[in-house]
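Asker: Sharing a structure below in structure tokens format, with a few things to ask.
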Amino acid sequence: MENTDIIYGLHAVSEALTAGTVNKLYIEENLRGKNVDTIKALAREKKVNISWTPKTELNKMSENGVHQGFVARVAEFAYTELSELLVNLTDHSTATLVILDELTDPHNLGSIARTADATGVDAIIIPKHRSVGITPTAVKASTGALQHVPVVRVTNLAQALDKLKAEGFWIFGTDMDGTIYSKWNTAGKVALIIGNEGHGIGQNLKKQVDEMITIPMIGHVQSLNASVAASILMYEVFRNRN
């Protein structure tokens, strides 16, 4: 089980320092160079203590993740409440949400957050159970994007979708049989569900989807990695609106 108050890697640590969420900073004891100077200056500005630490210790703290010599202990990730998010989006007629249905790979979550930040997605919604949360691996994979994209964690995704519909969101899912994404009408408030890496969107959620969207493929493999599929569709919404 990963420690959720540890993050690592240059981008993740520098974003957390900028956001003011770092409690303690650990830098590899013999590390030198421009990156170290930048991080040291940020830490000084934010009044964060630096502990010069052996590489073996940093390997242990990051559970052998690619830490690049930088590890930080941070305040626990602050999830956003769904009710608070919906209040903030009341007057936002082109709000975009990405809903992850039981995604289990933290790299996928981090990668999706990175594209969500790039394309102006308003928030990511994940379930509390049988799903990856914000782990150090997800934060590292997001290269700091998880400091900027709100993440909502809900007990029941089906109930969350009912609330979104009541607020005027159109619910879209991804499926082999659906509207080709280039013909997708992305007007209005959009909530896009990305299914689990293995079995896709759960049957109970499929019943709540207004329209299924498909990404055509001509190769032998008939499915895309979850984060790749999510990226194509987020950019389609972005392209249509810009």
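Asker: If you take the residues in the range 155-176 that are under 21 Å from E102 (Cβ atoms), part of a strand (DSSP E or B) and of a type outside the set (S, T, Y), which one is most open to solvent (accessible area, probe 1.4 Å)? So that I can check it myself, show each step before the final result.
Answerer: Keep residues of the range 155-176 that are under 21 Å from E102 (Cβ atoms), which gives 155-165, 169, 171-176.
Cutting the leftovers down to part of a strand (DSSP E or B) gives us 169, 171-176.
In the following step, the residues that additionally are of a type outside the set (S, T, Y) were identified as 169, 171-173, 175-176.
On the way: F169: 9, I171: 0, F172: 8, G173: 0, D175: 54, M176: 100 Å².
The residue in question is M176.
Asker: Moving on. Any idea which residue in the range 79-101 is nearest to H148 (Cα to Cα), counting only those that are open to solvent by 10 Å² or more (accessible area, probe 1.4 Å), outside any loop (DSSP other than H, G, I, E, B) and among the β-branched types (V, I, T)?
Answerer: T80
Asker: Suppose we filter the range 122-154 for residues that are small (G, A, S), surrounded by 20 or more Cβ atoms within 10 Å (Cβ to Cβ) and modelled with pLDDT under 95; how many remain? I'd like the intermediate steps shown before the answer.
Answerer: Taking the range 122-154 and keeping what is small (G, A, S), we get 123, 131, 133, 138, 141-142, 144-145.
With the extra rule that they be surrounded by 20 or more Cβ atoms within 10 Å (Cβ to Cβ), the set shrinks to 123, 138, 141-142, 144-145.
Okay, now just the ones that are also modelled with pLDDT under 95, so 138, 141-142, 144-145.
Summing the residues that are small (G, A, S), surrounded by 20 or more Cβ atoms within 10 Å (Cβ to Cβ) and modelled with pLDDT under 95 in the range 122-154 gives 5.
Asker: Can you work out which of the residues in the range 180-197 that are surrounded by fewer than 17 Cβ atoms within 10 Å (Cβ to Cβ) and of a type outside the set (A, V, I, L, M) is farthest from I218 (Cα to Cα)?
Answerer: G188
Asker: Return the pair list, or none, for Cβ contacts closer than 9 Å from residues in the range 119-130 that are more than 19 Å from D91 (Cα to Cα) to residues that are among the small types (G, A, S) and modelled with pLDDT of 95 or more, at least 6 apart or on different chains.
Answerer: T119/S231; I125/A160; I125/A191; P127/A160
Asker: Output the qualifying pairs, or none if there are none: Cβ atoms under 8 angstrom, residues six or more apart or on different chains, first residue in the range 199-227 and in a loop (DSSP other than H, G, I, E, B), second residue acidic (D, E).
Answerer: These pairs meet every condition: I201/D101; I201/D175; G202/D101; G202/E102; Q208/D162; N225/E197.
Asker: What tally of residues in the range 125-136 results from selecting those that are over 11 Å from the mean Cα position of the chain (by Cα) and not in a loop (DSSP other than H, G, I, E, B)? If you could, list the steps in order and put the result at the bottom.
Answerer: If we filter the range 125-136 for residues that are over 11 Å from the mean Cα position of the chain (by Cα), which is where we start, we get 127-131, 136.
Imposing the further condition that a residue be not in a loop (DSSP other than H, G, I, E, B) reduces the set to 127, 136.
So the count comes out to 2.
Asker: Take the residues of the range 203-242 that are open to solvent by less than 20 Å² (accessible area, probe 1.4 Å) and over 19 Å from the mean Cα position of the chain (by Cα): which is modelled with the highest pLDDT?
Answerer: I213
Asker: Take the residues in the range 1-55 that are hydrophobic (A, V, I, L, M, F, W, C) and in a loop (DSSP other than H, G, I, E, B), then tell me which one is surrounded by the fewest Cβ atoms within 10 Å (Cβ to Cβ).
Answerer: Only one residue fits best here, namely M1.
Asker: Within the bounds of the range 102-109, is there any residue that is closer than 28 Å to L10 by Cβ, touching a residue at least 60 places away in the same chain (Cβ under 8 Å), of a type in the set (D, E, K, R) and crowded, with 23+ Cβ neighbours inside 10 Å?
Answerer: Looking for residues that are closer than 28 Å to L10 by Cβ, touching a residue at least 60 places away in the same chain (Cβ under 8 Å), of a type in the set (D, E, K, R) and crowded, with 23+ Cβ neighbours inside 10 Å, one finds none in the range 102-109, hence no.
The values are calculated or read from the model by the stated rules, or taken from the named source; none is laboratory data. Since we're looking at a predicted model, the values are computed, not measured. Backbone-built Cβ (ideal geometry, glycine too); neighbour counts: all protein chains shown. In case anyone asks, the SASA skips ligands and DNA or RNA and just uses the protein heavy atoms, side chains included. Shrake-Rupley method; radii C 1.70, N 1.55, O 1.52, S 1.80 Å.
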